[in-house]
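Let me begin by presenting the structure, written as structure tokens, before commenting on it.
The values are calculated or read from the model by the stated rules, or taken from the named source; none is laboratory data. It should be emphasised that the depicted structure is a prediction, and the values quoted were computed from it without experimental measurement. With ideal geometry, Cβ positions are generated from the backbone for all residues, glycine too; neighbour counts draw on all protein chains shown. The protein model used for the area step is the full one, side chains on, heavy atoms only, and it has no ligands, DNA or RNA in it. Shrake-Rupley method; radii C 1.70, N 1.55, O 1.52, S 1.80 Å.
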Amino acid sequence: MVKQYDHRKIEKKWQKVWEIKKTYKVLDPSTSSGRVKKKKFYSLIEFPYPSGDGLHVGHIRSNTAMDIISRKRRMEGYNVLYPIGWDAFGLPTENYAIKTGKKPSVVTKKNTDVFRKQLKEIGFSFDWSREINTTDPKYYKWTQWIFLQLFKNGLAYKAKSFINWCPSCKIGLANEEAVGGVCERCGNITEKREKEQWMLAITKYAERLDKDLDLVDYPERVKSQQRNWIGKSEGSEIEFKIKCNPSQTLPKGEGEMPKFFTTSPELWRALQDKVLDMRKNPTNGEKAMWDLLRRNNPSLDLPKGEVKNSKGFHFRRQHIIDRFIVDFVCIEKKLVIEVDGDIHDYKKLEDEERTGVLNQIGFEVIRFTNEEVIKNPKNVLEKIILKLNNVSSKALSFGEGLGGVDMEDLEGIKVFTTRPDTIFGVTYVVLAPEHDVITNLQLQIMNWEEVEDYIKKVKKETEQERTKEDKEKTGIELKGIKAINPANNEEISVWIADYVLPHYGTGAVMAVPQHDARDREFSEKYNLPIIDRPLVDAQEITKKVGGKIVTKFKLRDWVFSRQRYWGEPIPIINCEKCGFVPVKEKDLPIKLPEVKNYKPTDNGESPLASISKWVNIKCPKCKGLAKRETDTMPNWAGSSWYYLAYTTQGISNFQFLISNKNIKNKTRKNIDYWTPVDWYNGGMEHTTLHLLYSRFWHKFLYDLKLVPTAEPYKKRTSHGMILGEGGVKMSKSIGNVINPDSIVKTYGADTLRIYEMFMGPFEESVAWSTESIIGSRRFIEKVWRIGEKIITNYELRITNEKNKIKNSNNSFVRQDIAAEKSSDSQSFNISKILHKTIKKVSEDIENMRFNTAISSMMILATEMEKEQSRTLDLQKSPTLNLEDFKKFLQILSPFAPHVTEELYNQLPITNYELKNKKENNSSIHFSKWPKWDENLVKDQEIKIAVQINGKVRTEILIQTDENEEKVKKIALTNEVVLKYIQNEKPKRIIYVKNRVINILI
RNA sequence: GCCCGAGUGGCGGAACUGGUAUACGCGCACGACUUAAAAUCGUGUCUCGCAAGGGAUGUGGGUUCGAUUCCCACCUCGGGCACCA
């Protein structure tokens, strides 16, 4: 009787052997043993985050796929690196630490131990000697080192940026924790909080990240997603000059020119900052006066009859006149109001001089003290109104006598457009509310209060609210400001609106409602003109209006700070004197200090900030008091270079990046040998972030001449997700998570591997079905039965023969096998199927069509067993020969490494070959990948379909590549065909070689 | 809204470059072996029809001798981007 297939015994046995023999350890190209002339192959999977939930069946799917490819490559003679490690910094561990107080490092150790054990039980051919862990200080030393290089090259900087803030948990959240603007932990709505954050200038690499996609073999959808994310667009930057429109600033009928250009452009620019500052910080008196002037518009507040001018007066505060900044001014009436504090008492002379100058150029000045304004506002107001009504002097005309500002000297509004050809259809210009120009034009904007309120309102909104779907566009016109269309010198209005984003392009848009849906929507809402003008040539017009062709990107710089504990500390020291000082390289790694509480502080700082012993440090430059940076890196950091760490791990703990001096050292040899990764499989969810980030870091390292290629990954493929039964997502809350351990226990790792590869197309999502696993198990059992029968049959025959001939020496065995190998027409059919299968499996693996590869091997196994059962008589020579079966095992071995290894080692033919070839590795996984024989793949005779009028009616047997006339003859003499065509003559006959013949009647 | 991908039996899915639709597996039914069960093996399994034959690849058109495959319109599902000028 044949032995039962015992997956537990077999899998345990071989896993142990592989581990002891270090079967999958790669050859180090920098050592003598590595200097074999083997081509390298570097296959990579995304290293897992060791969560407390253990290995997911989804991990197994992608790991198995790359394991199959790696094993095939080894059999094809490559030196294969298939490494594994842990992307172990991450939020779940940290949140667990916050909850339980357990050390993240301890939790991580526990989790990785579980993962490691689970992975080993599935029989992946990882080189475990190269295992890495991003939380290992030996590892993150180099993550920090790369950060320092980025800093030193101006690619890391600190800037104000918005973080997601949960007001209920009082902590900052990562974007992925605040999806949809909702806190992942408590469900509350998050706010945006402005905070200084470390940023990486990935945008400086935007062009190359886009362009170099041409160099790599990624699926089209991955490339287009990356391109979409980078968002390159070419267009024109065109300046619209600003002009102030007098007609809107003056009361109707007076028709006077504007009076607010009361200084020279040079002085205006020089004093502008001071003006803004003063407005922000008014004295009490100034504030009271401003309230008085604004809320109590003199013309409206007093009883009727006492005010002659019913139109009211427009006051400005902190206005520049000549070289002075006056507190308040009504330009129409040339009345200056000054509010003095005590400080001015000893400055009387100065003030008198100032009043003198103002008087000279036609302004009247009245003064009040702070006290007066605050205590007796009514009195003050009455005085002002009296003055206003009595002042008779006419205001100055445009710039008269003052070296007035020609607005052409002012900076215009630069817009970015991809459609300069529509420029004649521009009816207004829109700025983002955050645009700089607005504050610079504050003095010229007539409705500043309204504008300011609007800007505040917009800034309050979160990004989510602002860009929410179906949000109605809002905006406000900047009154008193006009823009000039450089194409036709038309005067158009200037608006600010929330639909214009500050961080894209120039933050300003020329609106063409005729051609752009958004502009149209906005125009309709605010009754702005929509005009249809002919298009013009884009290149030409850009030149004509003095614009330039520019390239813009959607990509934004990478926010690299987290106010968290469980990440790499950012190796920067903040010194009051010297600014940001990098930690000295010899002081790396900056280890994560022990901390009592892992929770971020109430004001949103990382828990590291509370360890004053750790934070306070001497400045490496000036030796003065300084503080460490307490932000940590995001978990994308460690994964941005891990594929490089694998190439040198176990060789010199990644000393590779240290400097060019070591260019010839061992580690450089390894990097140069292994880089780039030949084949990287991962999930679509990492297409835009991880993949882009690591490409960015790699390019940076390439620029430092530390890696040999511009791109890290030659080829990228992606796997589909495994869904729960019924096609829903697997999740703990639904309770449909499959534990791989129990599957391995019940069915075996080989079965699980085959099942996961067979369940559906690799790149598509598939639903798990525990019920269906049995099919894969049956297939393996079938292979086992065939193998056992072959082996026992062979042993029995030898025993029989021995007894007969009493000849027990080896020469017999050799003859016997030779006879079987050269074999025998009987198994010709099997050989044909075998070689077709070898071809199909070889090709399918390359295309990741594992499901069809397995289905073809299932067919082969069924045929082999059938053939075998035909000749059960042990006296006869078996028709299924050992050589064919061995080849079958070989092509199956990447899929089911344990059972094939076991059978292979039991095959008598294997032992024989090993003795002759003196190979020292008896593993099937280092045997030679079988080649298919084209002659056997090609059929001599084939069946083709015969169609009458396009419908299949019968089939005929023809010789392969038979000439057309002969095929027609065969078809036309076929019984069924004759029945259909009767005596008619076919109108037309179409023959497709070796496929089909279609007879039209 | 825009860009990708997909829609085939009870279920997961095959089908090369336009050439016999439903391979392979699960499930189900019947049969063989067995005292019996399990396992295994065999047969059947899109649909209507006794049959001859007809109809089916999301829906409706089109191109073609011939369409799951190509084109047009629409519906549904999945993924990505999203006021990006």
Quick one: in segment A:208-241, which of the residues that are open to solvent by 20 Å² or more (accessible area, probe 1.4 Å) and in contact with a strand residue (DSSP E or B) (Cβ under 7 Å, 6 or more places away or on another chain) is nearest to RNA strand B (Cβ to nearest atom)?
A:S233
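Among the residues of segment A:669-708, which ones are more than 16 Å from RNA strand B (Cβ to nearest atom), part of a loop (DSSP other than H, G, I, E, B) and under 27 Å from A:I845 (Cα atoms)?
From segment A:669-708, those more than 16 Å from RNA strand B (Cβ to nearest atom) are A:669-681, A:694-708; that's our starting set.
Cutting the leftovers down to part of a loop (DSSP other than H, G, I, E, B) gives us A:675-676, A:678, A:704-708.
The answer is A:T675, A:P676, A:D678.
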Output the number of residues of segment A:308-344 satisfying the condition of being open to solvent by 30 Å² or more (accessible area, probe 1.4 Å) and at pLDDT below 80.
11
Checked segment A:946-983 for anything away from RNA strand B (no atom under 12 Å from the Cβ) and at positive phi; matches are A:D961, A:Q982
Across segment A:832-863, the tally of residues that are open to solvent by less than 20 Å² (accessible area, probe 1.4 Å) and away from RNA strand B (no atom under 11 Å from the Cβ) stands at 7
Considering only residues that are more than 6 Å from RNA strand B (Cβ to nearest atom) and surrounded by fewer than 18 Cβ atoms within 10 Å (Cβ to Cβ), look in segment A:500-517 and name the one that is farthest from A:K241 (Cα to Cα).
A:A517
Residues of segment A:196-207 being touching a Phe, Trp or Tyr at 6+ places or on another chain (Cβ under 6 Å) and away from RNA strand B (no atom under 16 Å from the Cβ), which ones?
A:W198, A:M199, A:L200, A:Y205
Of (1) closer than 30 Å to A:K160 by Cα; (2) within 11 Å of RNA strand B (Cβ to nearest atom); (3) in contact with a helix residue (DSSP H, G or I) (Cβ under 7 Å, 6 or more places away or on another chain), A:D557 satisfies all except one. Which?
(2)
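For the condition acidic (D, E) and surrounded by fewer than 16 Cβ atoms within 10 Å (Cβ to Cβ), what is the one hit in A:E521, A:E477? Give the derivation first.
Details: A:E477 fails: surrounded by fewer than 16 Cβ atoms within 10 Å (Cβ to Cβ).
The conditions single out A:E521.
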Any residue at all in segment A:475-496 that's more than 30 Å from A:I320 (Cα to Cα) and within 13 Å of RNA strand B (Cβ to nearest atom)?
no
Scan (1) part of a strand (DSSP E or B); (2) more than 16 Å from RNA strand B (Cβ to nearest atom); (3) closer than 16 Å to A:T418 by Cα; (4) not hydrophobic (A, V, I, L, M, F, W, C) for the single condition A:T551 breaks and write down its number.
(2)
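If I go through segment A:78-96 residue by residue, how many of them are within 21 Å of the chain's Cα centre (by Cα) and in a helix (DSSP H, G or I)?
Residues meeting the conditions: 2.
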What is the number of the single condition among (1) over 23 Å from A:Y794 (Cα atoms); (2) modelled with pLDDT of 85 or more that A:N921 does not meet?
(2)
Hey, any hits in segment A:753-766 for a residue that's out of contact with any helix residue (DSSP H, G or I) (no Cβ under 7 Å at 6 or more places or on another chain), more than 7 Å from RNA strand B (Cβ to nearest atom) and either open to solvent by 10 Å² or more (accessible area, probe 1.4 Å) or free of Cβ contacts under 8 Å to residues at least 60 places away in the same chain (or both)?
yes
